[in-house]
Amino acid sequence: MTISSQELDVLQEIGNIGAGNAATALANLLQAKIDISVPRAQFMVLDETIRCVGGVEKPVVCVSLRVEGEVEATVLFIFPERDAFRLIDMLTGMEPGFTTGIDEMGRSVVMEIGNILTGSFLGAISEMTGMRLVPSVPYLAYDMLGAVLPTALAEFGYEDDQILMIQTTFSQSSSDQIDSQFILLPDVVSLKQLFINLGMVR
């Protein structure tokens with residue numbers, strides 16, 4: 001399915017709104033100001049996505065869930081390992097560099113943040129389209145990207161080759177920037193309906 005530049009701009013705007021919602025939610029959780037930016041949104045095939053995130057051998061932490069309702073889709077939030085560790089330190093009040101692995105506490109922290117971030121982005125989609133989205137219970141995976149991403153796609157039965165990736169960067173200061181990727185995998189029918197609801201008749 002070919003995506004026009006205008007449609008991509010709208011998806012970028014959805015990403016910006018979702019990032020704003022996420023920044024507010026995280027700031028309330030941390031009782032501190034959080035800045036989140038969305039450098040770009042783009043559609044790409046699986047191999048391009050893997051290269052963009054860092055390659056098949058890059059260790060990552062991934063929170064994934066299935067979306068049902070008026071939109072059928074898979075959502076992934078992927079953090080490079082180092083950024084996931086920094087995220088855990090930030091949320092638990094530890095000094096940067098304290099976390100070097102992910103224990104049960106770390107998993108709980110990343111899952112909670114994954115819930116907040118995915119909820120923020122899905123809320124933005126629902127707000128702009130008026131469509132009802134019902135997320136499933138999230139799942140966390142910690143492995144190399146080359147194992148995590150294809151496995152998640154297979155588990156959710158995703159077969160299309162177009163992946164919407166919205167890069168996000170958030171921080172409390174310029175020295176503690178954390179990068180992540182929000183990946184939306186809608187089925188073709190849902191994507192068409194989403195654009196129709198946005199006033200872009202296909």
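The values are calculated or read from the model by the stated rules, or taken from the named source; none is laboratory data. Quick caveat, the model's predicted, so the values are computed rather than measured. Neighbour counts run over all protein chains shown; Cβ positions are idealised from the backbone, glycine included.
Structure data summary
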| quantity | calculated |
| --- | --- |
| For residue 34: the one exception among (1) under 15 Å from residue 116 (Cβ atoms); (2) without any contact (Cβ under 8 Å) to a residue 60 or more places away in the chain | (2) |
| Selected residue (only one of 56, 38, 75 is assigned to a strand (DSSP E or B), on the phi < 0 side of the Ramachandran plot and at pLDDT 85 or above) | 75 |
| Test: residue in the range 57-79 that is charged (D, E, K, R), touching a Gly at 6+ places or on another chain (Cβ under 9 Å), closer than 23 Å to residue 143 by Cβ and crowded, with 21+ Cβ neighbours inside 10 Å | no |
| Meets criteria (buried (at least 19 other Cβ atoms within 10 Å of the Cβ) and either part of a loop (DSSP other than H, G, I, E, B) or not aliphatic (A, V, I, L, M) (or both)) for residue 107 | no |
| Subset of the range 11-30 [crowded, with 18+ Cβ neighbours inside 10 Å and of a type in the set (S, T, N, Q)] | 21 |
| Which listed residue is touching a residue at least 12 places away in the same chain (Cβ under 8 Å), more than 24 Å from residue 29 (Cα to Cα), of a type in the set (A, V, I, L, M, F, W, C) and out of contact with any Cys (no Cβ under 8 Å at 6 or more places or on another chain), from 163, 113 | 163 |
| Flag for residue 23 being out of contact with any helix residue (DSSP H, G or I) (no Cβ under 8 Å at 6 or more places or on another chain), assigned to a helix (DSSP H, G or I) and of a type in the set (A, V, I, L, M) | yes |
| Residue within the range 163-172 that is farther than 29 Å from residue 195 by Cβ and at pLDDT 85 or above present | no |
| Selection status of residue 85, part of a helix (DSSP H, G or I), aromatic (Phe, Trp, Tyr) and without any contact (Cβ under 8 Å) to a residue 40 or more places away in the chain | yes |
| Qualifying residue in the range 146-154 (condition: in contact with a strand residue (DSSP E or B) (Cβ under 8 Å, 6 or more places away or on another chain), surrounded by fewer than 18 Cβ atoms within 10 Å (Cβ to Cβ) and either acidic (Asp, Glu) or within 21 Å of residue 15 (Cα to Cα) (or both)) | no |
